[in-house]
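**Q** After the structure tokens below, expect a handful of questions from me.
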Amino acid sequence: MKKFSLNKHKIIANTLLICITLTVSCNLVRSDDTKNKNLIISLLVSAYFLPNGKSEIVALSDKPGSIFLIGGSSKRNNAITNIFHYNDGTLKNIMNLKHQRRSHTATLNQNKEIVVIGGYDGSNALESTEIINIENNRIVFGSNLNQRRMWHTSTLLNDGRILVTGGYNADSGWLTSAEVYNPLTKQYSFVGSLNIARRLHTANLLDNGDVVIIGGENKTNGSLNSIEIFNPTSNTFTLLGTQMASRRSVHTATNIGSNKIMIVGGYIIDPIDQIKNTPTVEIFNGNNNSVSASLSLPNGIHAQVAIPNGLNNIYICGGADLDSNPTKFQDTCYDLNHVNGTIVRSFSLQKERAYPTGNQLPEGKMLICGGNNTDWIDSCEIIFENISSSLDTKLY
């Protein structure tokens, strides 16, 4: 088993991590579809928190075929400002953030603006917010968070506010605090606190407007199997008696319809700094707040990306097997049917990638970007009918 440090503000693992957000993972859907728009946010938080991220780019979509890749880190720079735009098969560096950042979040609000929150600049966790107007490619600073944070989550609520939960900073450590950004006042305000401090967790919007907070890790417990529910009416968090069968952090959590969330992979860290895979899939049912086992993955992986593929299927691509020695990076995509809990088929990427980001494109295509396989990966791939082909444009 690999040694893993919980006592430093930066996770140090044998795997080198990188991504596009969301290195992040997003889904390309109609931006005027409320339920699908929530899916963008939930995917974003689940795949863009990279503990030792060598890219940590956040990716999200404003409309089908259009993807923004925001910030992150590169081989030459601890944190970067680049904003790339993928549109109609072309990837371009269109503008730059005002502050370099990685381990941040980016949320598309109801005004079709991208709100970039917090993160890490290579020296400190950040309190700043940047607002990107994607119609005119302009960026302005927004109001500051009340507490600096990185490895947090941000989720668009049905009332237009953005919920920011947990995370980490060097002064306070693992955070229980939560804030909401109000687009009317353009200010942050504290809401009720998480019951358990956590970073590297996920936060998904449920059909009733509540937010489910899943897993993550903290100094006391290591990786967590606990689940909390945020009620946007009372602005409070409730710790559920229901728990996952497996403790996990740096997992993915994907809305799969019928008020259910598919939880995939991640890793287990314990307080004595041991780390190992969590190669299982579980389903959270928001209708009765229950968790059920789905299946085990053929290879122990974490740091993979999850991309919806049709009504009942999700692609699980890339990742790394931390239980192997040396660490084995994955180039496999598994096509999972979440209804019957089976692997329909598998195929290979062009490269082995831990911590890639992925997005659904029109016409059944998928975009996979960034990642790491002992070095930073600056390329993207397009998947169509289970065949992957490389894009020419590089991310750095």
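**Q** Being assigned to a strand (DSSP E or B) and modelled with pLDDT under 85 is the filter; apply it to region 52-103 and report the residue that is farthest from TYR267 (Cα to Cα). Explain how you work it out, then say what you get.
**A** Step one: list which residues in region 52-103 are assigned to a strand (DSSP E or B), which gives 53, 58-63, 66-70, 80-87, 90-102.
After this cut, where a residue has to be modelled with pLDDT under 85 as well, the list is 53, 58-62, 80.
Values: GLY53: 15, VAL58: 21, ALA59: 22, LEU60: 24, SER61: 27, ASP62: 31, ILE80: 27 Å.
Ranking the qualifying residues of region 52-103, first place goes to ASP62.
**Q** Counting residues that are more than 17 Å from the chain's Cα centre (by Cα), which strands (runs of 3 or more DSSP E) fully inside region 183-245 reach at least 1?
**A** Working: elements: 187-190, 202-205, 211-214, 222-231.
Fully inside region 183-245 and qualifying: 187-190, 222-231.
**Q** Does SER346 count as surrounded by fewer than 21 Cβ atoms within 10 Å (Cβ to Cβ) and assigned to a strand (DSSP E or B)? Show your work before the answer.
**A** Numbers: surrounded by fewer than 21 Cβ atoms within 10 Å (Cβ to Cβ): yes; assigned to a strand (DSSP E or B): yes.
Here the answer is yes, as SER346 does meet what is asked.
**Q** Tell me the residue from ILE134, ILE117 that is of a type outside the set (Ser, Thr, Tyr) and at pLDDT below 95, please. Let's see the steps before the verdict.
**A** Details: ILE117 fails: at pLDDT below 95.
Just one listed residue meets the conditions, ILE134.
**Q** I'd like the full set of residues that are under 22 Å from ASN313 (Cα atoms) and among the aromatic types (Phe, Trp, Tyr), limited to region 244-290.
**A** Within region 244-290, PHE284 is the sole residue that qualifies.
**Q** Determine the pairs where a residue that is part of a loop (DSSP other than H, G, I, E, B) and surrounded by fewer than 24 Cβ atoms within 10 Å (Cβ to Cβ), located within region 249-269, has a partner that is modelled with pLDDT of 95 or more and hydrophobic (A, V, I, L, M, F, W, C) with Cβ atoms under 7 Å apart, the partner being 6 or more residues away or on another chain.
**A** ASN259/LEU206
**Q** May I pose another question? Hey, could you check region 133-163 for residues that are touching a Phe, Trp or Tyr at 6+ places or on another chain (Cβ under 7 Å) and in a strand (DSSP E or B) and say which is farthest from ILE94 (Cα to Cα)?
**A** My answer is LEU163.
**Q** Moving on. If you check LEU163, LEU239, which single one turns out to be within 30 Å of ASN309 (Cβ to Cβ) and of a type in the set (A, V, I, L, M, F, W, C)?
**A** That would be LEU163, the only listed residue that is within 30 Å of ASN309 (Cβ to Cβ) and of a type in the set (A, V, I, L, M, F, W, C).
**Q** If you go through region 326-339 one residue at a time, do you hit one that is within 19 Å of GLY216 (Cα to Cα), modelled with pLDDT of 85 or more and not hydroxyl-bearing (Ser, Thr, Tyr)? Steps first, please.
**A** So in region 326-339, the residues within 19 Å of GLY216 (Cα to Cα) come out as none.
Among the residues of region 326-339, not one is within 19 Å of GLY216 (Cα to Cα), modelled with pLDDT of 85 or more and not hydroxyl-bearing (Ser, Thr, Tyr), which makes the answer no.
**Q** Now for a separate question. So which residues in region 203-246 are modelled with pLDDT of 95 or more, out of contact with any strand residue (DSSP E or B) (no Cβ under 7 Å at 6 or more places or on another chain) and hydroxyl-bearing (Ser, Thr, Tyr)?
**A** Of everything in region 203-246, those that are modelled with pLDDT of 95 or more, out of contact with any strand residue (DSSP E or B) (no Cβ under 7 Å at 6 or more places or on another chain) and hydroxyl-bearing (Ser, Thr, Tyr) turn out to be THR233, SER234, THR236.
So that you can scan it fast, the table gives a plain yes or no per residue for (1) over 20 Å from the mean Cα position of the chain (by Cα); (2) more than 20 Å from TYR188 (Cβ to Cβ); (3) of a type outside the set (Val, Ile, Thr):
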site: ALA59; (1), (2), (3): no, yes, yes
site: ILE67; (1), (2), (3): no, yes, no
site: SER74; (1), (2), (3): no, yes, yes
site: THR90; (1), (2), (3): yes, yes, no
site: ILE114; (1), (2), (3): no, no, no
site: ARG138; (1), (2), (3): yes, yes, yes
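**Q** Please state which of the following conditions ASP331 fails to meet, knowing it meets all the rest: (1) of a type in the set (D, E, K, R); (2) closer than 25 Å to GLY65 by Cβ; (3) within 21 Å of the chain's Cα centre (by Cα).
**A** (2)
**Q** Scan region 349-364 residue by residue and report those that are surrounded by 16 or more Cβ atoms within 10 Å (Cβ to Cβ) and either in contact with a Gly (Cβ under 8 Å, 6 or more places away or on another chain) or not polar (S, T, N, Q) (or both).
**A** Within region 349-364, LEU349, LYS351, GLU352, ARG353, ALA354, TYR355, PRO356, THR357, GLY358, LEU361 qualify.
**Q** Taking the condition of being more than 30 Å from THR105 (Cβ to Cβ) and of a type in the set (Phe, Trp, Tyr), how many residues in region 342-357 meet it?
**A** So in region 342-357, the residues more than 30 Å from THR105 (Cβ to Cβ) come out as 342-348.
Narrowing the set further to residues that are of a type in the set (Phe, Trp, Tyr) leaves 347.
So the count comes out to 1.
**Q** What residue, among those in region 144-170 that are closer than 24 Å to ALA197 by Cβ and among the polar types (S, T, N, Q), is nearest to the chain's Cα centre (by Cα)? Outline the logic, then answer.
**A** If we filter region 144-170 for residues that are closer than 24 Å to ALA197 by Cβ, which is where we start, we get 144-157, 161-170.
Then keep just the ones that are among the polar types (S, T, N, Q); that gives 144, 146-147, 153-155, 165, 169.
Values: ASN144: 22, ASN146: 22, GLN147: 21, THR153: 8, SER154: 10, THR155: 11, THR165: 13, ASN169: 18 Å.
The qualifying residue nearest to the chain's Cα centre (by Cα) is THR153.
**Q** Hey, does region 109-132 have a residue that's part of a loop (DSSP other than H, G, I, E, B) and among the β-branched types (Val, Ile, Thr)? Please lay out each step first, then the result.
**A** First, pick out the residues of region 109-132 that are part of a loop (DSSP other than H, G, I, E, B): 109-112, 118-119, 121-124, 126-128.
Keeping just the survivors that are among the β-branched types (Val, Ile, Thr) gives none.
Checked region 109-132: no residue is part of a loop (DSSP other than H, G, I, E, B) and among the β-branched types (Val, Ile, Thr).
**Q** Identify all residues within region 174-192 that are surrounded by fewer than 22 Cβ atoms within 10 Å (Cβ to Cβ) and within 15 Å of ILE214 (Cα to Cα); write none if there are none.
**A** Passing the criteria: only THR176.
**Q** Next up: Any chance region 283-306 includes a residue that's closer than 21 Å to LEU91 by Cβ, within 17 Å of the chain's Cα centre (by Cα) and either assigned to a strand (DSSP E or B) or not basic (Lys, Arg) (or both)? Talk me through it step by step, then tell me what you get.
**A** Keep residues of region 283-306 that are closer than 21 Å to LEU91 by Cβ, which gives 305.
In the following step, the residues that additionally are within 17 Å of the chain's Cα centre (by Cα) were identified as 305.
Pick out the ones that are also either assigned to a strand (DSSP E or B) or not basic (Lys, Arg) (or both) and you get 305.
Within region 283-306, one or more residues are closer than 21 Å to LEU91 by Cβ, within 17 Å of the chain's Cα centre (by Cα) and either assigned to a strand (DSSP E or B) or not basic (Lys, Arg) (or both).
The values are calculated or read from the model by the stated rules, or taken from the named source; none is laboratory data. This one's a predicted model, so the numbers in the text were calculated from it and none came from an experiment. As a convention, Cβ positions derive from the backbone with ideal geometry for all residues, glycine included, and neighbour counts pool all protein chains shown.
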